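Reviewing the structure listed below.
The values are calculated or read from the model by the stated rules, or taken from the named source; none is laboratory data. Quantities reported herein were computed from a predicted structural model and do not represent experimental measurements. In this analysis, Cβ positions are derived from the backbone assuming ideal geometry, glycine residues included, and neighbour counts consider all displayed protein chains. Keep in mind that these areas ignore ligands, DNA and RNA; they rest on the heavy atoms of the full protein, side chains included. Shrake-Rupley method; radii C 1.70, N 1.55, O 1.52, S 1.80 Å.
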Amino acid sequence: NLLCGELLKLVDGGRSQRTFLYIKDAIEAILLMIDNLERANGHVFNVGNPDNEVSMKELVELMIQVSFNTCIS
């Protein structure tokens, strides 16, 4: 929608939070689980960086800013 100049739809006003990480870090986490199957089996892992948490509204605002700056350049 952003690329087409249309409104972006946010669930719950964009209050939900997400964390992002480098793919390399995600792969390392998976490899650690594989290397420790007996300990990891049956557990749920949330791999993320709590220091890099952002609301969906903040992310959309950043995307709009980056898109706008790219169009101007």
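Ligands, DNA and RNA left out, the accessible area of the chain computed with a 1.4 Å probe is 58% carbon and sulfur.
Think of it as helices only: each DSSP H run of n ≥ 4 in the chain is worth -39500 (n - 2.57), and spread over all residues that comes to -14000 deg cm²/dmol at 222 nm. Extension gain for Lys57-His43 works out to 1.9 nm (0.36 nm per residue, less the C-alpha to C-alpha distance). For GluC sites (Glu not before Pro), no site in the stretch 8-73 is both called loop by DSSP and has at most 13 other Cβ atoms within 10 Å. Helix 23-35 and the longest principal axis of the C-alpha atoms of the chain enclose an angle of approximately 20°. If you take the charge dipole of the chain about its Cα centre, with +1 on Lys and Arg Cβ and -1 on Asp and Glu Cβ, which of Asn46, Leu7, Ile27 is farthest toward its positive end? Comparing the listed Cα positions along the dipole, Leu7 ranks first. Looking at the chain, which longest stretch skips every one of the trypsin sites (Lys or Arg not before Pro) that is in a DSSP loop with at most 13 other Cβ atoms within 10 Å, leaving the sites themselves out? The reported range is 16-73.
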